[in-house]
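Here you go, one structure.
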Amino acid sequence: RVEWAIPSLLPDNARHGPAGILFLDEINAAPPAVSAAAYQLILDRKLGDYQVPDGWAIFAAGNRQGDRGVTYSMPAPLANRFSHFEVETHLDDWVMWAYRNGIDERIIGFLRFRPELLFDFDPAHNPVAFPSPRSWEFAHRGLQKFADTPRLLQGTLQACVGPAAGIELHAFVNSLDQMPDLDAIVTGAAAAVPEEIDLQYAVAAALVGRAIRAHDTDGAAQVIGHILDYAGRFPQREMGVMLVSDMHRAIGAAVFDVPQFAQWAQAVSDVMLFE
């Protein structure tokens, strides 16, 4: 008689809690002989004597076969045990994640300016480095690490997100010395709105960052109010809507609590729908 020990990574009510997600990543990277071992776990929620707790859901993920990843054709019995969803990149979702995780606001502003570069992968060309939500985080690290060695920065950015996107981001970062004084904006002092559209995106991203850092301080309402005042001054009202929408996603209902919000919302009511 053999009693098998239950692997510690499998959900257990006592150790992991009564509800959660059992995530099987890169499931189609496993050879069919290996993935067959998951049949009972996925469909019957059992593995030998082990039973998945009732409050736990089972999810799996993997690359598509055309993505040039290491994949096997998923066996029909395994595929039939899942509902299948194809996930696409979405800039607003990535931006919300980026603000919450401290990604450099220059990268957020750049991708607002060039949204098609959030994910730009052509499997036919088999690139080594290319823009993706993952590699933009690498570019963020490069910006921090080589901030004081500008001669290495362009090559670093190209190594992270590919030659073309790296050059564009480097040029964008170098143009930001023409940005208005952000300290003046958040204190309510006079500050011009740049005419260049790329600088407007950069200013908007930087101001959301200022709102996040001020959120838990005593002066949060004043900072948010001054940012709302500035948002109403953009020549294209859609730019101000983007700024305030990102700020709301980042800090929540605090945006609605300042007096300037009602005035700003009235000014853009014909270009923005409120739920």
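Relative to the compact-globule scaling 2.2 N^0.38 Å, provide the ratio for the alpha-carbon radius of gyration of the stretch 1-141.
On the way: Rg = 19.2 Å, N = 141, 2.2 N^0.38 = 14.4 Å.
Computed over Cα atoms of the stretch 1-141, the ratio equals 1.33.
To two decimal places, what compactness ratio does the stretch 91-177 give when its Cα radius of gyration is scaled by 2.2 N^0.38 Å?
On the way: Rg = 12.2 Å, N = 87, 2.2 N^0.38 = 12.0 Å.
For the stretch 91-177, the normalised Cα radius of gyration is 1.01.
[x] 28, 25, 17; [y] 44, 25, 17; [z] 38, 21, 16: which one is semi-axes √(5λ) of the Cα gyration tensor in Å as calculated from this entry?
It is the value labelled [y].
Could you let me know the centre-to-centre spacing of the stretch 9-57 and the stretch 225-272, using Cα atoms, in angstrom?
For the stretch 9-57 versus the stretch 225-272, the Cα centre distance is 45 Å.
Which cross-chain or sequence-distant (5 or more) residues have an amide H under 5 Å from the amide H of Ala60, H modelled 1.01 Å from N in plane?
Leu24
If you don't mind, there's one more thing I want to ask. Report the FRET efficiency, 1/(1 + (r/R0)^6), for Asn101 and Asp181, where r is their Cβ-Cβ distance and R0 is 22 Å, rounded to 0.05.
The value I calculate is 0.25.
So, one more: Quick check: convex hull over the Cα atoms of the stretch 13-80, volume per residue in Å³, rounded to an integer?
Hull volume over Cα atoms, normalised by residue count, gives 96 Å³.
Explain nothing, just compute: Karplus ³J(HN,Hα) = 6.51 cos²θ - 1.76 cosθ + 1.60, θ = phi - 60°, for every residue of the stretch 165-173 in order, whole Hz, x for Gly and Pro.
Per residue, the Karplus-derived 3J(HN,Hα) values read 5, x, 5, 4, 5, 4, 5, 4, 4 Hz.
For the stretch 72-95 and the stretch 106-123, what is the separation of their C-alpha centers, rounded to whole Å?
Cα centroid of the stretch 72-95 versus Cα centroid of the stretch 106-123: 22 Å apart.
Moving to a separate point now. Each residue of the stretch 259-266 in order: what ³J(HN,Hα) in whole Hz does its phi give by Karplus 6.51 cos²θ - 1.76 cosθ + 1.60, θ = phi - 60°, with x for Gly and Pro?
x, 5, 5, 4, 5, 5, 4, 5
Separate question: Give me the distance in nm between label points sitting 7 Å out from Cα along the Cα-to-Cβ direction at His84 and His215, one decimal.
Distance between the two pseudo-spin positions: 3.8 nm.
Using a 1.4 angstrom probe on heavy atoms only, work out the carbon and sulfur share of the accessible area of the chain in %.
On the way: 8560 of 16000 Å².
That share works out to 54 percent.
Taking 7 Å along the Cα-to-C-beta vector as the label spot, tell me the Arg141-Ala19 distance in nanometres, rounded to one decimal.
3.5
Next up: So what is the accessible area of the chain per residue, in Å², with the probe set to 1.4 Å? Mind dumping the intermediate values first?
Details: 16000 Å² over 275 residues.
It amounts to 58 Å² per residue over the chain.
Applying the Karplus parametrisation 6.51 cos²θ - 1.76 cosθ + 1.60 with θ = phi - 60° to the phi angles of the stretch 136-151, what ³J(HN,Hα) value in whole Hz is obtained for each residue in order, glycine and proline being reported as x?
For the stretch 136-151, the Karplus curve yields 5, 5, 4, 4, 4, 5, x, 4, 6, 6, 10, 4, 9, 10, x, 5 Hz.
Here's another thing I want to ask about it. Using the C-alpha gyration tensor of the stretch 161-275, what are the square roots of 5 times its eigenvalues, in whole angstrom, with the largest one first? Before the final figure, lay out each step's value.
On the way: eigenvalues 122, 51, 41 Å².
In descending order the semi-axes read 25, 16, 14 Å.
The values are calculated or read from the model by the stated rules, or taken from the named source; none is laboratory data. Remember, it's a predicted structure, so these values are computed and weren't measured experimentally. Cβ: placed from backbone, ideal geometry, glycine included. Neighbour counts: every protein chain shown. Ligands, DNA and RNA are excluded from the accessible area calculation, which covers all protein heavy atoms including side chains. Shrake-Rupley method; radii C 1.70, N 1.55, O 1.52, S 1.80 Å.
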